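The values are calculated or read from the model by the stated rules, or taken from the named source; none is laboratory data. A quick note: this is a predicted structure, and the numbers were derived from the prediction, not measured. Here Cβ is always computed from backbone atoms with ideal geometry, including for glycine, and neighbour counts include all displayed protein chains. To get the accessible areas, we keep the full protein, side chains included, count just its heavy atoms, and leave off ligands, DNA and RNA. Shrake-Rupley method; radii C 1.70, N 1.55, O 1.52, S 1.80 Å.
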Amino acid sequence: MSSKKQVILVCSLILLWYSSNIGVLLLNKFLLSTYGFRFPIFLTMCHMSACAILSYISIVFFKFVPLQTLKSRNQFLKIATLSLVFCGSVVGGNISLRYLAVSFNQAVGATTPFFTAVFAYIMTLKRESWVTYAALVPVVTGVVIASGGEPGFHLFGFIVCISATAARAFKSVLQGILLSSDGEKLNSMNLLLYMSPIAVLVLLPATLVMEPNVIEVTVSLGKEHKYMWLLLALNSTMAYAANLSNFLVTKHTSALTLQVLGNAKGAVAVVISILLFRNPVTVMGIGGYSITVCGVIAYGEAKRRFK
């Protein structure tokens, strides 16, 4: 009976992880490019505000995970640095959704392992086997092919998206360097608890300077569309749920299972986005994305076998 409960729990967590990740991605696209809410920095600030509040409630009150306190000013500065990079990656990803289809956005995002390997080599001189590096060739090749076959290709959107992907990889490598000692390591939920308020403090002045009419337009949209505030609240809550479910799925499954599920999640998001937004796709674009996904799978397998 306990094993059945475990299976039900894991399946429920995977369903929550898929629905929250894909849901926040599709809602971001809908709000930023279809709904008329063209404020990616403010939207990211809403996400970070929700993450800060809900992280505090889930850790302090519901005790989902033990609260880890900061031990030094130096540790706080390291987390603040990570938060700045994290802000850049999330804002960049949201900005790119204004210009790119979700399917192409996901294809570009799948190149994260390539940038992770590059930054790991540059920053830590960590070398992988030649087989592992060879597996990265189709990862990059697939995106090049997908770019050539993307009907709605937008150069600025592509540059922002690739920059956000690189920033995401940079953050993961930087996190491994800055929080490497046992006394400074934080689990992902506690790290989110401390990074989110810092991100809000960074994004608030950025919003006021770069998106000065956001309050006026948001209130106007709220009056025009009665579900505007509900969509914004749901979107922000799902952003936190995506982080929480990712942590719980990682806790209850293996790293290999997580990798396989992550690759499948990207493909599911692409299919759903094409069905919802009806964005045109080409055989060349689908082929390029498929090559990239195969490269990511091969990279993960090579890294596991030739560690």
12 Å cut-off, amide nitrogen to a point 7 angstrom out along Val217 Cα→Cβ, residues in the stretch 32-46: 32-43
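How much accessible area per residue does the stretch 179-226 have, in Å², with a 1.4 Å probe?
For the stretch 179-226, the solvent-accessible area averages 55 Å² per residue.
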Candidate lysines for bridging to Lys63, where Cα separation is under 17 Å - those fewer than 8 sequence places away on the same chain excluded: Lys251
Computed FRET value (nearest 0.05) for Phe156 with Lys63, which takes r as the C-beta separation and R₀ as 41 Å: 0.35
Ranking by accessible area, most exposed first, for Val144, Val293 with a 1.4 Å probe: Val144, Val293
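Of the heavy-atom accessible surface of the stretch 140-240 (probe 1.4 angstrom), what whole percent is carbon and sulfur?
With neighbouring chains kept in place, the figure for the stretch 140-240 is 71 percent.
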Gain in span if fully extended, Asn74 to Val131, counting 0.36 nm per residue against the direct Cα distance: 16.7 nm
Violating pairs (Cα-Cα greater than 26 angstrom) within the set Lys185/Lys303; Lys4/Lys171; Lys4/Lys303: Lys4/Lys171; Lys4/Lys303
Å² of accessible area per residue within the stretch 1-115, as computed with a 1.4 Å probe and no ligands counted: 45 Å²
Rel. contact order, % - alpha carbon contacts under 8 angstrom, at least six apart, the stretch 105-252: 27 percent
Span-like helix ranges in the chain, DSSP H, alpha carbon extent 27 angstrom or more, Kyte mean at least 1.0: 130-148, 155-178, 188-210, 255-277
Charge dipole (the stretch 169-250, unit charges on Cβ, about Cα centre) - positive-most of Ala199, Ile215, Val249: Val249
Proximal lysines to Lys29, defined as alpha-carbon separation beneath 22 angstrom and excluding residues fewer than eight positions away on the same chain: Lys223, Lys226, Lys265
For Phe170, solvent-accessible area (1.4 Å; no DNA, RNA or ligand), Å²: 60 Å²
Between the stretch 143-185 and the stretch 46-121, the alpha-carbon center distance in angstrom: 12 Å
Listed residues Lys171, Lys4, Lys223 arranged by accessible area, highest first, probe 1.4 Å: Lys223, Lys4, Lys171
For Arg38, solvent-accessible area (1.4 Å; no DNA, RNA or ligand), Å²: 110 Å²
Area accessible to solvent at Ile14, 1.4 Å probe radius, in Å²: 40 Å²
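Given +1 on the Cβ of Lys and Arg, -1 on the Cβ of Asp and Glu, and no further charges, what dipole in debye does the stretch 106-206 carry about its Cα centre, rounded to the nearest 20?
Dipole size: approximately 80 debye.
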